[in-house]
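The values are calculated or read from the model by the stated rules, or taken from the named source; none is laboratory data. Quick caveat: nothing in here was measured; it's all calculated off a predicted structure. Ideal geometry is used to build each Cβ from the backbone, glycine not excepted, and the neighbour counts take in all protein chains shown.
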């Protein structure tokens with residue numbers, strides 16, 4: 001069954017009595033080369049357990065199942081579950097779960113599907129997904145903050161979002177999510193996907209990025225909360241200098257002291273947040289923690 005054939009897709013959905021749901025960002029791939037390319041770069045090891053978010057009718061799922069040990073596909077749309085049961089019936093290494101990836105216990109789900117053990121510790125696990133554009137950043141943060149030690153996260157997102165995820169400090173696309181991702185791993189922008197590769201076609205181009213997660217923490221801030229607060233404060237009003245932006249969040253430290261901290265970290269007093277890399281934010285947040293503690 002060619003799951004990238006528009007006719008097949010329409011027939012499957014008509015048979016199930018369902019329609020494309022714009023509220024869930026449903027755009028199904030009709031270019032068979034794309035799921036194959038995503039599956040190919042999702043992990044260097046066939047022994048991986050792959051978590052897929054939003055399998056749709058299963059075109060990427062099947063490509064993953066042919067390459068990796070096990071695939072756990074989480075689909076929020078209950079109407080697609082009988083479709084997936086049909087399209088993936090031949091794959092014994094696929095587990096389809098009707099649920100919301102934002103609320104389901106990912107560690108328990110992956111452990112159960114793999115037959116026990118701690119995901120990322122007792123067995124390797126990665127993510128591959130065609131993410132809905134409207135909730136891309138929340139899903140990425142949910143994955144990274146879930147406590148599961150993923151090896152890789154390979155996702156297709158809106159092209160403009162991909163540009164932000166892989167941006168360098170100082171560039172126009174660099175933002176809070178870029179600095180946050182740098183805390184967890186390195187981001188590679190892999191390839192672009194045109195609107196015509198989907199049914200229905202979205203209004204914008206897409207791109208695939210892969211995040212290679214650090215096997216061990218690359219940074220050790222004194223306070224992880226202060227670190228993330230520092231990043232978010234620095235980008236809340238991009239036109240403000242870093243000192244002014246931080247003053248709104250860290251009023252207890254005081255603008256004068258924050259200015260001293262910024263300069264002591266090696267930056268000019270009028271620098272803006274987009275000039276700082278992830279390591280710079282660690283250094284800056286540590287200085288804020290010390291100031292708060294009177295050190």
I'm checking my understanding of the structure. Among residues of segment 1-30 that are under 21 Å from residue 100 (Cα atoms) and without any contact (Cβ under 8 Å) to a residue 40 or more places away in the chain, which one is surrounded by the fewest Cβ atoms within 10 Å (Cβ to Cβ)?
23
Would you pick out the residues in segment 81-121 that are assigned to a helix (DSSP H, G or I) and farther than 23 Å from residue 140 by Cα?
81, 82, 83, 84, 85, 86, 87
Just checking, does segment 64-77 include any residue being at pLDDT 95 or above, farther than 18 Å from residue 50 by Cβ, within 24 Å of the chain's Cα centre (by Cα) and not in a loop (DSSP other than H, G, I, E, B)?
no
Select from segment 86-108 the residues that are free of Cβ contacts under 8 Å to residues at least 40 places away in the same chain and either surrounded by 14 or more Cβ atoms within 10 Å (Cβ to Cβ) or touching a strand residue (DSSP E or B) at 6+ places or on another chain (Cβ under 7 Å) (or both) and list them in ascending order.
88, 91, 93, 94, 95, 97, 98, 99, 104
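When you check residue 264 against the structure, is it farther than 30 Å from residue 37 by Cα and exposed (fewer than 15 other Cβ atoms within 10 Å of the Cβ), yes or no?
Taking the combined requirement at face value, the residue satisfies it.
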Within segment 136-156, restricting to residues that are in contact with a helix residue (DSSP H, G or I) (Cβ under 6 Å, 6 or more places away or on another chain) and under 16 Å from residue 25 (Cα atoms), the one that is surrounded by the fewest Cβ atoms within 10 Å (Cβ to Cβ) is 137
Yes/no for residue 164 being closer than 30 Å to residue 272 by Cα, assigned to a strand (DSSP E or B), touching a helix residue (DSSP H, G or I) at 6+ places or on another chain (Cβ under 8 Å) and in the same structural domain as residue 59 (by TED's automatic domain parsing):
no
